[in-house]
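The values are calculated or read from the model by the stated rules, or taken from the named source; none is laboratory data. Please read these numbers as outputs of a predicted model, since none were measured by experiment. We place every Cβ from the backbone using ideal geometry, glycine too, and count neighbours over all the protein chains shown.
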Amino acid sequence: MRVVAFDKDRGLEAFIRAVGGKYLPLETGKPTGFNPLQLPDTPNNRKFIKNWLYNLLAYDNYGVNYRDEQELIAAIDIIFEHKPENRRLAVFVQSLPNPITDDDRPTVNRRLAKWHSGGEYAWVFDNEADSLDVNKYSVYGFDVTNFLELPELREVIIMYLTYRTQQKTFCFFFDEIGDLLRINIFKNYLKINLKN
């Protein structure tokens, strides 16, 4: 049986390590080793990347308008022309226009600045290599304590973890599920998957 545990306060760390599993204590400010842009080029992965990018932009109150969407789609096409090892957010934004405008709405390029190249949240997804290998171990533990109170982070991190692990057959375990149920992406994930 393959197991994924979403843990709080590192309560399952000793157990997961004892059974030979991989435990990732995700800590605010420390590189996660996540890089969604290095996923294989498939229609499902492209759809995920688009939704993931929308969620990176979700908490600045500007939303994603038609122009933003077209810029993101074009940049997704360009990033997938690169070799996987050259794909990361810092490279992705180079394909986004960044004109100086008179309106108050910042460009998508500027809005993504905090997620790459030393920005406030660059440690989350702008990693040189995606080190999350869901094929290597039969038990995974992710400690999500440090970002449960940070909506902008928790949504996109949980989105990535659930996407990567749902591609394989896993049994899921949730420590303190009440905290996770505050996460919209997680609630939607449960609604969809509990029907099956």
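List of remarks:
- Restricting Tyr54, Tyr66 to residues that are of a type in the set (Ser, Thr, Tyr) and either touching a residue at least 60 places away in the same chain (Cβ under 8 Å) or more than 22 Å from Glu120 (Cα to Cα) (or both) narrows the list to Tyr66.
- Any chance Leu161 is surrounded by fewer than 22 Cβ atoms within 10 Å (Cβ to Cβ), in the same structural domain as Phe174 (by TED's automatic domain parsing) and among the hydrophobic types (A, V, I, L, M, F, W, C): no
- Residue match in region 149-170 (condition: out of contact with any helix residue (DSSP H, G or I) (no Cβ under 6 Å at 6 or more places or on another chain), in a helix (DSSP H, G or I) and among the basic types (Lys, Arg)): yes
- Criterion violated by Gly11 - all others in (1) over 21 Å from Ala122 (Cβ atoms); (2) out of contact with any strand residue (DSSP E or B) (no Cβ under 9 Å at 6 or more places or on another chain) satisfied: (2)
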